[in-house]
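What follows is a single structure, written as structure tokens, with notes after it.
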Amino acid sequence: MKHRTAAPPVLALVAGLAAAAGALRAQTAAPTPAPTPAHAAAAAEAPKCGDCHTDLVKAFAANPHTRAFLGKGTVDPNDACGNCHGDGKKHMEAGGDASLIHTLKGLSGSEDCLACHQNTPGPHDSFQNGPHANSAAVNCLTCHSIHHAAPKSEHLVAKPPVELCGSCHGTESASFRAKPYVHRLDRGGMSCLDCHAPHARQGEPVKMTIQGEMPCLNCHAEKRGPFVFQHVVGSGGTCLSCHESHGSNNPNMLQWAQVSQLCLSCHSQTPPPQTYGSQPPSFHDLRSPRYRNCTTCHVAVHGSNVSPQLLK
Amino acid sequence: MRPALRRALASAALVAAAGAARLSAQAIPVDVELGYRFVDVSGNDQMYRTQINDRPGVLLRSLDYTSLGPIGFLDTLHVDATDVGAGPAGQLRLLAARTGVFRLTFTWRETDLYSALPAFANPFIDDGIVPGQQTWNRIRNIYDAELELLPGKILTPILGYTRNTYDGPGSTTYHLGQNEFQLDDQVHSVDSLYKIGLVFNDGPVQAGFTQGWREYSWQDVSVLRPGAGSGNVTTPIVGQVVTASSIATTQKSEIDTPVSNAWVTANLFGRVKLTGTYIKADGTNDTGFAEADAGKFVSFELARIFSGLTENVDSRAHTDYWRGSARAEVTLLPNVSLAGGWAENSRVLDGQALISSLFLDTVTYAGQSAGDLLREINAQTSVEDTTRTYDANVTARQLGPVAVNAGWTQVQQNVTATPDASEIVIPGGQGGRYERRINTFGGGATFSQWGLTLTADYHHDSADQPIFRTDFIDRDRLSVRGLYNIADFLKVGAYFRDTKASDDVVTIGYDTEVREFQGEFDVTLVKNTLTLHGAGGEFLTNRSILIREPQDFTIVPTEQKELGHNWEGGARFTWKDLTFDAAYLWMNNDGSIPFTVQRIRAVAEYFFTRNLGLDFEWLQDKYDERVAFDQAGPLANYNGNRYYVGIHWRP
């Protein structure tokens with residue numbers, strides 16, 4: 001089978017980027033990290049941070065920031081502290097005076113984070129103008145805790161993601177907790193981050209699949225198609241045309257309690273304007289429960305390869 | 001992973017943990033919670049499984065291991081697991097890395113999917129027969145592995161593999177000969193994605209390219225359920241009682257989809273960030289279907305009675321899909337940025353199905369034998385779906401305690417559909433070209449100072465015309481949020497969201513409002529000892545639209561109404577080595593499906609040594625549905641109690 005891919009032009013583009021980057025770097029006021037007073041060597045000579053902050057430093061051995069700053073084979077977390085907190089010499093000499101050490105809090109602390117993390121890791125993220133862009137209300141340290149991250153959570157988030165997101169998105173969180181038909185966020189590690197990208201720029205709140213589709217298909221692969229006889233998805237609609245992803249009071253997380261009403265919302269041809277898929281079902285007598293259960297016959301509502309009427 | 005294997009693994013982990021507990025003095029960066037869950041359900045057990053599905057058995061509730069130093073070649077090793085064993089969903093993750101050399105991530109996630117809804121696909125709900133006729137009891141396993149080589153260097157090659165399997169039995173229905181029959185079916189599907197990529201990172205310029213190959217296979221084997229030969233319709237149709245003595249279908253699909261994914265970003269002069277993305281994914285689906293049925297059937301289409309059907313279908317669907325975007329973000333002033341971009345995606349579908357149906361021993365309504373009848377359909381379909389988006393927005397992130405943003409988006413949607421004649425029973429709206437343009441204006445502001453955070457967002461969407469009947473012409477979205485924190489003592493939050501969408505065209509009359517409100521508090525009465533929390537709010541949904549009743553083509557309004565209220569409260573108490581956490585939730589919904597949900601969670605943990613604790617958990621989920629049109633009412637009700645007893649080891 002012949003597969004057409006974008007490989008050749010894209011590879012050529014990537015190859016050309018190296019040269020372009022070099023030239024660009026010469027002209028660009030590069031987004032260099034703000035100067036952090038890294039004094040790992042000085043810190044090593046002085047009394048160790050861990051002499052007082054014993055538990056903190058011990059736990060920091062497992063922190064990714066330790067490995068990022070340290071040389072090969074060196075795993076003394078004391079050496080990493082200065083990279084964010086600066087020279088601790090005066091702080092130590094003053095017997096631990098908190099005013100003599102740089103601490104990272106709130107928005108100003110986040111600016112220190114961005115000194116290294118300014119370049120977002122992909123094309124869809126933006127710390128500049130995303131809904132979670134760095135502001136007084138939401139900044140790096142609102143969600144991330146460098147020293148006290150939640151256990152088993154990635155990226156040093158302060159609380160388990162479901163709890164963390166729910167601390168601002170209260171209505172969505174309550175919907176997941178209370179409604180009877182939901183994605184079970186409290187089971188098997190499923191979290192908001194399976195579908196949502198917290199660093200995304202405006203207008204792109206969901207994580208798309210590698211194929212640029214709704215994240216639903218990462219799990220529900222059998223709904224992807226393509227189908228000979230498409231229905232909704234792939235022909236102008238999305239999963240959310242019929243389903244409620246944040247929890248529903250209706251079976252199968254549908255928008256309507258009665259399936260026939262959901263189907264007839266579209267399939268009810270009325271006078272202009274002409275709308276897509278609006279042909280009405282013939283002779284179906286809704287007074288009979290047989291016909292009110294549309295999917296009893298039209299089982300392949302997500303698309304079919306063998307039945308024009310989605311019967312199998 | 002098979003249940004037996006899961007149980008064996010969980011049991012082995014239990015034994016290992018118990019042995020390891022004796023080594024409690026040894027400092028190992030591991031945290032394990034392992035135990036057994038008992039389940040007691042009264043009422044509709046199948047509804048409990050549909051909504052909750054916590055199963056009895058050994059449960060590895062939690063495992064966490066993080067290396068504190070190098071382990072051989074690795075300088076990072078992290079393993080964690082959640083809810084492995086009794087189900088219904090478990091996860092295992094592994095991260096192994098050596099800084100600057102490689103980074104390997106692996107995730108396994110398993111989900112038990114169970115559905116036996118009482119009223120869904122159930123024409124006999126009024127007779128008290130449950131569950132409905134479409135059920136499943138399947139398992140989804142997703143394995144995902146990714147290897148980055150030279151992470152953080154200028155060039156980082158990436159290799160990845162994802163496997164998503166979906167297997168298990170179920171029941172479905174099949175409309176044949178003017179009757180519906182319940183079938184037992186067995187599904188097996190595998191979705192595999194292999195990918196290889198390269199990320200380029202040289203300061204101001206970053207780029208990535210990934211080439212993936214997706215292979216998907218689906219097999220569904222269905223046979224007439226024993227005892228279901230009478231079907232749902234037992235009254236004669238044109239004088240014939242329609243019955244089936246055998247129905248057997250097999251459907252196999254193979255889909256190949258190569259995926260190319262590329263992106264590039266460039267930071268210019270510290271003020272401009274340019275981003276481009278491109279995705280190409282062309283999928284081809286080859287399907288074969290075979291069916292053999294016997295019985296007494298009626299076809300209105302053929303105006304005949306027949307005693308068997310042999311059908312074969314060979315079909316191919318091909319989609320050409322691409323998505324591209326270009327975007328610029330410009331920093332006008334410190335913390336003030338302007339962004340704008342274009343994005344477009346296009347999907348062109350071509351489908352063809354050769355449907356060969358042999359109706360056996362046909363007889364006219366008048367009783368004349370007409371022999372076998374062969375019908376051949378060569379169905380051809382096509383759909384072109386293109387969406388183009390332009391947007392521009394300005395963001396001022398740090399005006400003291402205030403941040404504001406405002407923006408405009410225009411979405412242009414074009415759908416051209418050419419259905420096959422065999423799809424059309426009654427003409428109207430199935431084919432043609434449909435266009436729609438939506439303009440969105442909106443913005444938001446946040447204020448954060450003195451522990452108080454206020455946020456408000458408002459967007460107005462205006463469309464020129466609908467494509468589907470449920471597309472809005474006007475939509476307003478409002479979100480308001482307030483949070484107040486007093487040190488570590490008190491947190492109070494209030495959240496409000498309201499979406500109103502409508503199409504006032506007199507023959508459609510579409511109107512929807514979804515309104516949600518929540519208030520919550522969290523108060524620490526004794527620091528590190530006693531915390532109380534509570535929440536409450538309202539969920540409101542009002543949907544209405546005119547529909548055409550198909551039995552007489554009259555146009556009538558139809559409504560979906562939901563009015564839910566929830567109240568929650570709980571306490572967390574910690575004293576020395578004892579932790580107690582309890583919460584109660586109550587939700588009542590009135591409207592199309594009236595019900596009450598009550599949930600109780602009570603957890604106690606006591607560490608009787610420094611490293612070893614005992615865990616007890618009681619969960620109760622109670623669902624009470626009240627009588628409503630076409631719903632299950634009390635037939636759906638259940639009371640599910642789970643009791644978990646386990647050990648918690650944290651050396």
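Take the conditions (1) under 30 Å from B:Ile237 (Cα atoms); (2) more than 9 Å from chain A (Cβ to nearest Cβ); (3) in contact (Cβ under 8 Å) with a residue 60 or more places away in the chain; B:Ser369 misses just one of them, which is (3).
Right, A:His148: assigned to a helix (DSSP H, G or I) and surrounded by fewer than 19 Cβ atoms within 10 Å (Cβ to Cβ) or not?
When the stated conditions are applied, A:His148 does not pass them.
Applying a threshold of 7 Å to beta carbon distances and a minimum spacing of six or more residues, or different chains, the list of pairs starting in the range B:215-230 at a residue that is closer than 10 Å to B:Leu183 by Cβ and more than 11 Å from chain A (Cβ to nearest Cβ) and ending at one that is outside any loop (DSSP other than H, G, I, E, B) and acidic (Asp, Glu) reads B:Val221/B:Asp185; B:Val223/B:Asp184; B:Arg225/B:Asp184.
Screening B:Thr395 against (1) at the interface with chain A (Cβ under 7 Å from one of its Cβ atoms); (2) within 30 Å of B:Leu349 (Cα to Cα); (3) hydroxyl-bearing (Ser, Thr, Tyr) leaves a single unmet condition, (2).
When B:Asp522 is tested against (1) modelled with pLDDT under 95; (2) acidic (Asp, Glu); (3) crowded, with 16+ Cβ neighbours inside 10 Å, only condition (1) is not met. The residues on offer are B:Ala303, B:Ala328, B:Ala281, and the sole one that is in contact with a strand residue (DSSP E or B) (Cβ under 6 Å, 6 or more places away or on another chain) and either surrounded by 20 or more Cβ atoms within 10 Å (Cβ to Cβ) or at positive phi (or both) is B:Ala281.
Is it true that B:Gln430 is within 9 Å of chain A (Cβ to nearest Cβ), within 29 Å of the chain's Cα centre (by Cα) and without any contact (Cβ under 8 Å) to a residue 24 or more places away in the chain? Yes, satisfied. You will find that of B:Val223, B:Val190, B:Val242, the residue that is under 30 Å from B:Arg93 (Cα atoms), of a type in the set (Val, Ile, Thr) and at pLDDT 95 or above is B:Val190 and no other. Quick check: anything in the range A:240-263 small (Gly, Ala, Ser), more than 7 Å from every other protein chain (Cβ to nearest Cβ), over 30 Å from B:Thr284 (Cβ atoms) and out of contact with any helix residue (DSSP H, G or I) (no Cβ under 8 Å at 6 or more places or on another chain)? Within the range A:240-263, one or more residues are small (Gly, Ala, Ser), more than 7 Å from every other protein chain (Cβ to nearest Cβ), over 30 Å from B:Thr284 (Cβ atoms) and out of contact with any helix residue (DSSP H, G or I) (no Cβ under 8 Å at 6 or more places or on another chain). Among the numbered conditions (1) within 32 Å of the chain's Cα centre (by Cα); (2) closer than 21 Å to B:Pro123 by Cα, the only one that B:Arg214 does not meet is (2).
Within the range B:321-359, the set of residues being acidic (Asp, Glu), over 25 Å from the mean Cα position of the chain (by Cα) and under 26 Å from B:Ala281 (Cβ atoms) comprises B:Asp350 only. Scanning the range B:457-472 for residues that are surrounded by fewer than 20 Cβ atoms within 10 Å (Cβ to Cβ) and within 11 Å of chain A (Cβ to nearest Cβ) yields a total of 4.
Looking at B:Ala317, B:Ala290, just one residue is surrounded by fewer than 17 Cβ atoms within 10 Å (Cβ to Cβ) and either at the interface with chain A (Cβ under 8 Å from one of its Cβ atoms) or farther than 15 Å from B:Asp361 by Cβ (or both), and that residue is B:Ala290.
Checked across the range A:71-78, the condition of being more than 31 Å from the chain's Cα centre (by Cα), at pLDDT below 90 and over 22 Å from B:Gly72 (Cβ atoms) holds for at least one residue.
In the range B:535-554, the residues that are touching a residue at least 60 places away in the same chain (Cβ under 8 Å) form Cβ pairs under 9 Å with partners that are surrounded by fewer than 22 Cβ atoms within 10 Å (Cβ to Cβ), at six or more places apart or across chains, as follows: B:Ile545/B:Thr470; B:Ile545/B:Gly509; B:Ile545/B:Tyr510; B:Ile545/B:Asp511; B:Ile545/B:Thr512; B:Ile545/B:Pro557; B:Ile545/B:Thr558; B:Ile545/B:Glu559.
Please enumerate the residues belonging to the range B:171-196 that are more than 9 Å from chain A (Cβ to nearest Cβ), touching a residue at least 40 places away in the same chain (Cβ under 8 Å), crowded, with 20+ Cβ neighbours inside 10 Å and part of a strand (DSSP E or B). Residues satisfying the conditions are B:Ser171, B:Asn179, B:Phe181, B:Gln182, B:Leu183. So in the range B:67-113, with the set limited to residues that are within 8 Å of chain A (Cβ to nearest Cβ) and outside any strand (DSSP E or B), which one is nearest to A:Cys219 (Cα to Cα)? Only one residue tops the list, namely B:Pro88. When the helices (runs of 4 or more DSSP H) confined to the range A:205-312 are screened for residues that are surrounded by fewer than 19 Cβ atoms within 10 Å (Cβ to Cβ), those reaching at least 2 such residues are found at A:289-292.
Conditions tested, residue by residue: (1) surrounded by fewer than 16 Cβ atoms within 10 Å (Cβ to Cβ); (2) over 22 Å from A:Pro273 (Cα atoms); (3) modelled with pLDDT of 95 or more.
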{"residue": "B:Gly429", "(1), (2), (3)": "no, no, no"}
{"residue": "B:Ala445", "(1), (2), (3)": "no, yes, yes"}
{"residue": "B:Gln449", "(1), (2), (3)": "yes, yes, no"}
{"residue": "B:Arg515", "(1), (2), (3)": "no, yes, yes"}
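Of the residues making up the range B:64-112, those that are out of contact with any Asp or Glu (no Cβ under 7 Å at 6 or more places or on another chain) and among the acidic types (Asp, Glu) are B:Asp75, B:Asp83, B:Glu110, B:Asp112. Across the range B:403-427, the number of residues qualifying as of a type in the set (Val, Ile, Thr), more than 29 Å from the chain's Cα centre (by Cα) and either in a loop (DSSP other than H, G, I, E, B) or facing another protein chain (nearest Cβ under 9 Å) (or both) comes to 3. With respect to A:Val157, is the statement that it is of a type in the set (Val, Ile, Thr) and more than 22 Å from B:Asp112 (Cα to Cα) true? Spelling it out, A:Val157 is indeed of a type in the set (Val, Ile, Thr) and more than 22 Å from B:Asp112 (Cα to Cα). Could you say which residue among B:Thr257, B:Thr284, B:Thr275, B:Thr265 is in contact with a His (Cβ under 9 Å, 6 or more places away or on another chain) and modelled with pLDDT under 95? B:Thr275 is the lone residue from the list that is in contact with a His (Cβ under 9 Å, 6 or more places away or on another chain) and modelled with pLDDT under 95. Might you check whether a residue that is acidic (Asp, Glu) and closer than 17 Å to A:Pro123 by Cα occurs anywhere in the range B:198-209? So far as the range B:198-209 goes, yes, one or more of its residues are acidic (Asp, Glu) and closer than 17 Å to A:Pro123 by Cα.
The values are calculated or read from the model by the stated rules, or taken from the named source; none is laboratory data. The structure presented is a predicted model; accordingly, all values stated were derived computationally and were not measured. Here Cβ is always computed from backbone atoms with ideal geometry, including for glycine, and neighbour counts include all displayed protein chains.
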